[in-house]
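Asker: First, the structure itself, so that you have it in front of you.
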Amino acid sequence: MIERFETIRTPERLAEVEQPWTDLWTRSGALIFQSHAWITAWWSSAADRDRRTLAIVLAWRGEALIGVMPLATVRRKIFRVLEWAAKDCSDFGDALMAPDADRGLLRRMWRQAGRDGGFDLAYLNRLLPEAVSQTLLDPAGDGIRLHLNHRDEANWRVRGPWKSGQAWFDAQSKKTRQNYRRGQKFMGERGPLTFRLLSPDEPVAPVLERLTTFKRAWLATHGLASTAFYDEGSPALPAMVRVLAEAGLLHVFVLECGGEVVAVSVNFVQAGAMMAFVTTYDPAVERGSPGMVLMMDYIMWSIDRGLHTVDFLCGDEGFKGRFGTQNLTLASMIGARTPLGFAALIADRAQHALRRRFGRMAPRGDVAPTAEAPA
């Protein structure tokens, strides 16, 4: 049967394809980041939609949806970048493919994205080693040529042979165990210390409000700018958490001291893994290391319930490396479509080469190059 391709540009059309997209997502076993609900929640809550455009490529075979490339464009200074839709709130990016689809379908969808145009530079990042989108690096493919970019990111995970959470705890260094107990003691002196999982019928809004308050305070303490995710009154984080809850994946862990929440971790469980989406703590009790105590508690909780992995998702923060036993590299791909895009790409490569030559590390993380000031 002949394939046909469609590009979604409007929220109205996005809403219309909810059922076939959700059916495909369920069949494929993909993560929540590639679901229709996740992309829709991001778009409906994004504070900067005025500089973004949906560019989601669908592949149909008859009435059956067999592929989704969830893309969007964003204007960065003087040029337009094609990137994953919901990139700002998704730890892993990828396309969504039917289990029986051939990898050539993805390249044909990518060719369609190039024909649609509307961008100068493509930057697709946070690709797991097994991501189907890595196929687009094949030099034999047609369409806009993608190359590996120097901006990779880390994905730390806890995996091992432990039979119980206590066995995992006992395998940690003496210093780590002492720090955990010292933190418990310090916070326990302020009031009874309790670790627990919020029940499904417990309102999550008050906990999210505490979380964003903690996060803004932490960012201010460290001289970092807040993001739209944590701005006061922003609908973004509640929208994403609601998607997790409605999918039956949400796990919110809290550490309470004297009845007050001092640390929060918004997690979700998929494919036998506990995935830590957002974790933060009250800076007022930082001496007690509440974030570390909570993290160790939910790691033990996860192992005791038969989960094979605790996934810290995207990021190379120090605590992840201290506890992680497996480290994956999240790759990124980049390609130019217009003369402006090629200029930005050349400038970015030149700056990266200079940094390497003079012994400076190239920047890590999710920063797409810009024509005015390549990252």
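The numbers here are math on the coordinates, done by the rules we state, and not lab data. Source: prediction; values computed, not measured. Cβ coordinates were reconstructed from backbone atoms using ideal geometry, including for glycine residues, and neighbour counts include every protein chain displayed.
Asker: Are there any helices (runs of 4 or more DSSP H) wholly within the stretch 1-54 with 3 or more residues that are farther than 24 Å from CYS314 by Cβ, and if so which?
Answerer: Hits in the stretch 1-54: 11-16, 18-28.
Asker: Considering only residues that are buried (at least 17 other Cβ atoms within 10 Å of the Cβ) and of a type outside the set (Gly, Ala, Ser), look in the stretch 89-106 and name the one that is farthest from PHE229 (Cα to Cα).
Answerer: The extreme case among them is LEU105.
Asker: Any residue in the stretch 255-279 that's surrounded by 19 or more Cβ atoms within 10 Å (Cβ to Cβ): show its pairings with residues that are polar (S, T, N, Q) and outside any strand (DSSP E or B) at Cβ separation under 7 Å, as long as the two are six or more apart or on different chains.
Answerer: Partner pairs satisfying both residue conditions: MET274/SER302.
Asker: Residues to consider are VAL262, VAL269, VAL310; find the one that is over 16 Å from PHE169 (Cα atoms) and out of contact with any His (no Cβ under 9 Å at 6 or more places or on another chain).
Answerer: VAL262
Asker: For residues that are under 22 Å from TRP84 (Cβ atoms) and of a type in the set (S, T, N, Q), scanning just the stretch 328-358, find the one that is surrounded by the most Cβ atoms within 10 Å (Cβ to Cβ).
Answerer: SER332
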